[in-house]
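Asks: Below is a structure I'd like to ask you about.
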Amino acid sequence: MNRLDHLSPSSMPFEVTEQPYRGVTQTIEAMRELGRAGQSDPTVRRWAERVIQKVTPKDHLSEAAAIYYAACRQVRFTRDPANVEYLQHPALVLKNRHADCDDLSTLLAAALASVGNEMQFVAVGFTSSGRYTHVFLQFRDPLSGKVVVVDPVAGPYTDEMLRKIRRSRTYWVDGR
């Protein structure tokens with residue numbers, strides 16, 4: 001029997017599966033599963049703990065910011081292969097240091113959940129065609145109630161990105 005605290009990303013039983021694309025709901029469900037697996041993964045938990053180590057305890061907004069900025073610095077945005085929806089486990093994102101919007105959102109969700117936070121995935125479309133083409137995370141600060149968009153892909157252009165949204169749908173990471 002393997003104990004989780006003795007596994008490393010290179011020894012984890014990652015699995016590649018090929019399935020036909022069935023839309024955004026299926027992708028979000030897969031992201032939820034990866035997020036849940038990642039939040040209890042020792043690699044992800046240790047990464048989040050190191051990132052927030054110098055943040056004042058119970059300053060959830062600063063914890064979220066620290067995790068966000070660490071992901072921005074350490075993970076390069078890389079698009080999926082053409083015509084493929086590629087999803088990665090958060091520990092694999094930390095190991096490989098490249099990810100697209102759904103992988104980054106899943107990493108952030110797992111890391112934030114591993115230190116006790118709740119958030120939502122937000123799938124968005126920017127045209128009137130109705131296609132969802134981007135996903136990011138929304139975090140609610142438990143102390144102030146303030147909702148914060150956590151999107152390393154949009155980064156400093158988040159306000160501009162939010163203005164361009166024509167369609168959106170939110171999904172609680174924990175499946176509510």
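Asks: Using label points projected 7 Å from each Cα along Cα→Cβ, tell me how many nm separate Arg50 and Arg73, to one decimal.
Replies: 1.2
Asks: Now for a different question. By count of other Cβ within 10 Å, fewest leading, how are Tyr86, Tyr68 ordered?
Replies: Values: Tyr86 13, Tyr68 23.
Ordered by Cβ neighbours within 10 Å, fewest first: Tyr86, Tyr68.
Asks: So, one more: Which of Ile52, Tyr69, Met31 sits farthest toward the positive end of the charge dipole of region 24-69, with +1 on the Cβ of Lys and Arg and -1 on the Cβ of Asp and Glu?
Replies: Most positive-ward Cα: Ile52.
Asks: If you take every DSSP beta bridge fully contained in the chain, what fraction is antiparallel? Give it as a percent rounded to 5. Write down the numbers at each step before the final one.
Replies: Working: 16 of 18 bridges.
Antiparallel bridges: around 90 percent, rounded to the nearest 5.
Asks: To one decimal place, what orientation-averaged projected area in nm² is obtained for the convex hull of the Cα set of the chain? Mind dumping the intermediate values first?
Replies: Details: hull surface 43.5 nm².
So the mean shadow area of the Cα hull is 10.9 nm².
Asks: Sort Asp159, Asp80 so that the residue with the fewest other Cβ atoms within 10 Å of its own Cβ comes first and the one with the most comes last. Working shown, then result.
Replies: Numbers: Asp159 9, Asp80 14.
Ranked by crowding around the Cβ, least crowded first: Asp159, Asp80.
Asks: I've got another one for you. In what order do Arg45, Arg131 fall by count of nearby beta-carbon atoms within 10 Å, going from fewest to most? Intermediate results must be reported in sequence, preceding the final value.
Replies: On the way: Arg45 20, Arg131 12.
Taking fewest neighbouring Cβ atoms as first place, the list is Arg131, Arg45.
Asks: Then there's this: Which residues' amide hydrogens lie under 5 Å from the amide hydrogen of His134, considering only partners 5 or more residues apart or on another chain, with H built in the peptide plane?
Replies: Here the answer is Val124, since their amide H atoms fall under 5 Å of that of His134.
Asks: Something else now. Can you list residues from other chains, or at least 5 along the same chain, whose modelled amide H is less than 5 Å from the amide H of Met119?
Replies: Val173, Asp174
Asks: Roughly how big is region 24-172's charge dipole about its Cα centre, with Cβ charges of +1 (Lys, Arg) and -1 (Asp, Glu), in debye to the nearest 20? Walk me through the numbers on the way to the answer.
Replies: Details: 20 positive and 16 negative charges, 37 e Å.
Using only the charged Cβ atoms, the result is roughly 180 debye.
Asks: In whole Hz, what ³J(HN,Hα) sequence does region 51-62 give by Karplus (6.51, -1.76, 1.60; θ = phi - 60°), x for Gly and Pro?
Replies: After applying 6.51 cos²θ - 1.76 cosθ + 1.60, I find 5, 9, 3, 9, 7, 4, x, 6, 8, 4, 5, 5 Hz.
FYI, it's all coordinate maths here, none of it is from the lab. In this text, all values refer to a predicted model and were calculated from it rather than measured experimentally. Every residue, glycine as well, gets a Cβ built from its backbone with ideal geometry; the counts of neighbours run over all protein chains shown.
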